[in-house]
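Working notes, structure below.
What follows draws every value from the coordinates through simple rules; no lab data is involved. The model shown is predicted, which means the values in this text are computed figures rather than measured ones. All Cβ positions, glycine included, derive from the backbone under ideal geometry; neighbour counts span all protein chains shown.
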Amino acid sequence: MKGVISMSTREADRVGIIQRLVNREIRQRHAAKIIGLSTRQIKRLVRQYRRYGTTGLVHKGRGKVSNRAILEEEKRKMIDIISNNYADFGPTLAWEKLVENHGIKYSDETIRKLMIGAELWKARKRKVIHLHQLRERRDCLGELVQTDGSPHDWFEGRSPQCTLLVFIDDATGRLLHLEFAECESTIVYFKAVRRYLEKHGRPVTFYVDKHGVFRINTTKGGSADTSDNNGLTQFGRAMTELSIGCIFAESAEAKGRVERVNQTLQDRLVKEMRLKGINTVEEGNKYLPEFIELFNRKFAVVPKSPANMHRPLLPVHNLNDILCLKYTRIMSKQLSISYGNRIYQIQTERPAYAMRNAPVTLQEDINGGIKIVYKGQPLNYTIIRKQPKTETADSKYLNIAVDRISASLGIPIKVVDRIPVKPAMSHPWRQYQQLIN
């Protein structure tokens, strides 16, 4: 037979075997075992070979368009939709939106290839895998809840950057609570934990990082947020009172579940809020419960045990008295204490001498309210004097703080060059120089 025949390696290997079979050198059963086909398929190949020769072993679909190929018009339609609405979406998320919003039901792999071909997505190189010790999921819901704060430009410039507080269950991968906040602070976490406890109850353990809110990281073992709590931060003291354990992760990989979900949220949540026109923190917090439900329905897994380890709040758990800042103060002879640049004068009917130099507990709740407690009983007080408020600034931001104050006072900022001062002739230094000379 004249001409060039295009064959695959597998088809070329079959030529010799089929030829030996035709020459009756081997049996059909032996040929089928070598090629890896059934005897029925071997008979078909023999018929094709006897009728068409080597060409009969070439696949009939080679060089032809598949019957399942997508029409070019349909491809252009999908690419136009993705370019106009989901240009910066990943292939999987873009595929989900095409199914949900446009009724296009091709596979995610098809969408990925289309986006790569249209240069809407660049295939990522496989990352170098770093091996870490595998830790199995916990068995029950509420047994271990990973907590973290993720600072990010969540509203893509439509609002100032903020932090998303994330609570995710280790056993199920369910998002249990999300909340936008200005930053990570003790009061912010107290507000988030309160909402969590009122909805789900008390988990067995919170798995957190070594942020200063959760753990004392100074060598002296104390800070402005850790005083009088037996070496615990305010958050740690509150969790102890609620009988909730705290585990501190030694690395980012140790709490990989919440770290990975942060990356997913920075991709999916940002784009969902963009599509829904959400532009502020208040609107975002209203939308988060709906997003949590969608996320859990898509990504949550079934735990090993159906038990829920969350415990209800007990009557002794007064959240107003637990989720607050607590400090110990010593009353003066005039029965007054100082806190937050204010002087609090105690009003009591008890004998003054009995309370002089007595320790009291000052509580500041999450709304800024002050409560002073002595031997378990609240005390009445009045604010008799307010001291001028001072501002503490880090050395790195000192110039910015000075510029801000000057601008608020309307004082123009001028740079004054330092003029060197020369000592007078009668200065002792001058006299000493004359004695030397």
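Among the basic types (K, R), assigned to a helix (DSSP H, G or I) and loosely packed, with under 12 Cβ neighbours inside 10 Å, is that true of R50? Walk me through it before giving the result.
Details: among the basic types (K, R): yes; assigned to a helix (DSSP H, G or I): yes; loosely packed, with under 12 Cβ neighbours inside 10 Å: yes.
Yes; evaluated as a whole, the condition is true for this residue.
Within segment 54-88, can you find the residues that are in contact with a Phe, Trp or Tyr (Cβ under 8 Å, 6 or more places away or on another chain) and among the aliphatic types (A, V, I, L, M)? Before you say what the answer is, go through the steps one by one.
The first filter runs over segment 54-88 and keeps only residues in contact with a Phe, Trp or Tyr (Cβ under 8 Å, 6 or more places away or on another chain), leaving 56-57, 70, 78, 82.
Correct list: L57, I70, M78, I82.
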Scan (1) surrounded by 15 or more Cβ atoms within 10 Å (Cβ to Cβ); (2) out of contact with any helix residue (DSSP H, G or I) (no Cβ under 6 Å at 6 or more places or on another chain) for the single condition R350 breaks and write down its number. (1)
Within segment 161-199, how many residues turn out to be over 24 Å from L325 (Cβ atoms) and either of a type in the set (V, I, T) or touching a Leu at 6+ places or on another chain (Cβ under 8 Å) (or both)? 7
Any chance D88 is within 25 Å of L265 (Cβ to Cβ), in contact with a helix residue (DSSP H, G or I) (Cβ under 6 Å, 6 or more places away or on another chain) and among the charged types (D, E, K, R): no
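Residues that are within 18 Å of G212 (Cα to Cα) and either free of Cβ contacts under 8 Å to residues at least 12 places away in the same chain or among the small types (G, A, S) (or both): which strands (runs of 3 or more DSSP E) entirely in segment 108-194 hold 1 or more of them? Steps first, answer last, please.
Values: elements: 145-152, 162-169, 175-181.
Result: 145-152, 175-181.
Counting only residues that are surrounded by 13 or more Cβ atoms within 10 Å (Cβ to Cβ) and among the aliphatic types (A, V, I, L, M), which one in segment 109-126 is nearest to E72 (Cα to Cα)? Reasoning before the result, please.
Kept after step one, since they are surrounded by 13 or more Cβ atoms within 10 Å (Cβ to Cβ), are these residues of segment 109-126: 110-116, 118, 120-121.
Next cut, among the aliphatic types (A, V, I, L, M) only: 111, 114-116, 118, 120.
Details: I111: 14, L114: 11, M115: 14, I116: 16, A118: 13, L120: 17 Å.
Applying the filter and picking the extreme gives L114.
Looking only at residues in segment 321-347 that are of a type in the set (S, T, N, Q) and closer than 13 Å to I370 by Cβ, which one is surrounded by the most Cβ atoms within 10 Å (Cβ to Cβ)?
Q345
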Identify the single condition in (1) out of contact with any Phe, Trp or Tyr (no Cβ under 9 Å at 6 or more places or on another chain); (2) within 30 Å of N23 (Cα to Cα); (3) free of Cβ contacts under 8 Å to residues at least 24 places away in the same chain that L45 does not satisfy, given that it satisfies every other one. (3)
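Go through segment 41-66 and give me each residue that's β-branched (V, I, T) and within 19 Å of S6 (Cβ to Cβ). Even if it seems obvious, please write down each step before you answer.
As a first pass, look at segment 41-66 and keep what is β-branched (V, I, T): 42, 46, 54-55, 58, 65.
The answer is T54, T55, V58, V65.
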Residue under evaluation R137, criteria (1) crowded, with 18+ Cβ neighbours inside 10 Å; (2) within 30 Å of P306 (Cβ to Cβ), criterion not met: (1)
